[in-house]
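Let me begin by presenting the structure, written as structure tokens, before commenting on it.
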Amino acid sequence: MKRAILLLIVFSLAAPAHAQLFKGLFGKKKNEIVVTDTVPGMKRLQEVMNLIQSQYVSDPNTDRLSEEAVRTMLRTLDPHSIYVPAREVQRTNEALQGNFEGVGITFTVVNDTIRVQEIIAGGPAEKVGMLRGDKFLRIDNIPATGDSAVNSFVFRHLRGKKGTIVVTEMLRGTDTITFHIERDRIPIHSIEVAFMEDDSIGYIALLRFARSSVDEFRKALDELKSQGMQSLILDLRGNAGGYLDIAFRLANEFIDRGRLIVYQQGRARSRQDFRASRYGSFRRGDLVVLIDEGSASASEIVSGAVQDWDRGLLVGRRTFGKGLVQTMYNLSDGSQVRITTARYYTPSGRCIQRPYDDGTDEYNKDMMRRYKHGEFFSADSIHFPDSLKYKTAGGRTVYGGGGIMPDIFVPMDTTPSTQYYRDCRRKGILNQFPQYWADMHRGEPRIADFDTYLAHYDSLDVDSAFERFAANKEVQWDTVADSSALAAGQCLSQRDSFLHLQIKALLADCLFGRGHYYRIMKVRDPVYNAALVQLRQRKSVK
């Protein structure tokens, strides 16, 4: 399952000690710039602002100028020091705080229609009877179709203060249903997938390091242990990070008491060590951590500790390489700045931050350079200088200076796709079909639950329905474009086994929730299957 690379940051909460500095740059009076004389370079900034205010051809927007000045200052420091305007603070922090206030759904926009993708258990939408697949017609008497069917419209009208009411008019099949929903606090889950692969191997995918992540992890782990789990696959692929203290607490679940997990140090901050200090829930038992180029910051703290103490194996591809710690400061107008105040280091002393001396633009191009250089397909294309060499507790050689290399490299899957698959994807048919099929089969006993769905999938004849749906969208199998396949007389699963599997997984996602997509697609996941090989080999040796 591919996940987008989202460049979140690791930061710790702190008092707004530097808020006065930024407040001092631009005063609130229209023609007055208050400057802190002790800050070098502020006189130049004051002179320019005074000239703009007194001489510019039209009345300048000083709020916009100040925002751009702050953004530019931070951008020249490093790629992860950022400014967050007051209007964006709440939305930016929600994913890491682990909750927001709204109605409790996830949604998709297909063909100018907003559809309910998933109902969050225990949320307001579930309580009033809203179902997965319902379509929005109106929200608070405002049309929710056509030009209004965009993400920003949904966020603006469904989210709101706890206790307030939103009225939605929905289409379910041919029936129109009106819901009066009282908004409430909604959890944002860090774990969407957790299951047993067999009688002893469990799997947990952690999407982010938010305030609720450790509690969610322990709950999922306890459930898997109750089913006999002895070995764990922890999937951190695409996990772009979160809170530093949450990363420490999660690593603490695996590392023996007293051992160093991570330390941070900066110009104005003395070294601070974080050591395992309490009983961990999985300090024994085989462990494999899955990583890739989307695993960043907090994910690298956990991966680095596991690798440096030889606690488990890392499987996948080199991580993102983000070893800077941001501290969040609240400014007087409600905005925030997140300033890099320290670097973090793994137990062996590695700083895994990628170089950024060439500027933010070049830094952001590094993933494309890795791809073009062949790093995603061959470990031999990755070279580290001896000056960045470190040793794990067991004496194995590891490297710093640009992400964490896995113990077992697994190349990116380059399985060729058919032209038919690419056409279906390009026209959005893969997104549209699951909702269409679900609408047509509501109440079907063979899809009553996930296990029943798996047992009866072949009898549902979904592939034929998909091909008819695609044909209506003017996409048909082309025996010339896909000449490698003997298309005549073959079913879809024979012509394109990957597409067959993905349709099955996407439909499960639509019917039962996001986690079920991966439970089907895992058979085509080379990193996951490489982890299984390692765990089963270890089990056979014991």
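Structure above, values below:
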quantity	calculated
Unsatisfied cross-links (Cα-Cα over 26 Å) in the set Lys135/Lys473; Lys135/Lys427; Lys322/Lys372; Lys127/Lys219; Lys127/Lys473	Lys127/Lys473
Percentage relative contact order, the stretch 180-337, counting C-alpha pairs under 8 Å, at least six apart	20 percent
Mean Kyte hydropathy of -0.5 or more with a Cα span along the axis of at least 18 Å, helices from DSSP in the chain	42-55, 497-512, 526-541
Projected area averaged over orientations for the chain, convex hull of C-alpha atoms, nm²	30.9 nm²
Solvent-accessible ranking of Phe155, Phe376, largest area first, probe 1.4 Å	Phe155, Phe376
Square roots of five times the Cα gyration tensor eigenvalues for the stretch 253-300, Å	23, 19, 6
Peptides ranked, highest mean first, by Cβ atoms within 10 Å: ranges 353-365, 424-436, 509-521	509-521, 424-436, 353-365
Sum of -39500 (n - 2.57) over DSSP H runs of 4+, divided by residues of the chain (222 nm, nearest 500)	-10000 deg cm²/dmol
Taking the stretch 358-430 and dividing mean pair separation by its residue count, relative contact order in percent (alpha carbons under 8 Å, at least six apart)	21 percent
Descending semi-axes in whole angstrom, ellipsoid equivalent of the stretch 128-283, from the Cα gyration tensor	41, 22, 13
Rounded if a/c under 1.5, otherwise prolate or oblate - the stretch 185-255, Cα gyration tensor axes	prolate
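The values are calculated or read from the model by the stated rules, or taken from the named source; none is laboratory data. The model shown is predicted, which means the values in this text are computed figures rather than measured ones. Quick reminder, even Gly has a Cβ in these numbers, built from the backbone with ideal geometry, and neighbours come from all protein chains shown. For the accessible areas, the whole protein counts, side chains as well, though only heavy atoms, and no ligand, DNA or RNA atoms are used. Shrake-Rupley method; radii C 1.70, N 1.55, O 1.52, S 1.80 Å.
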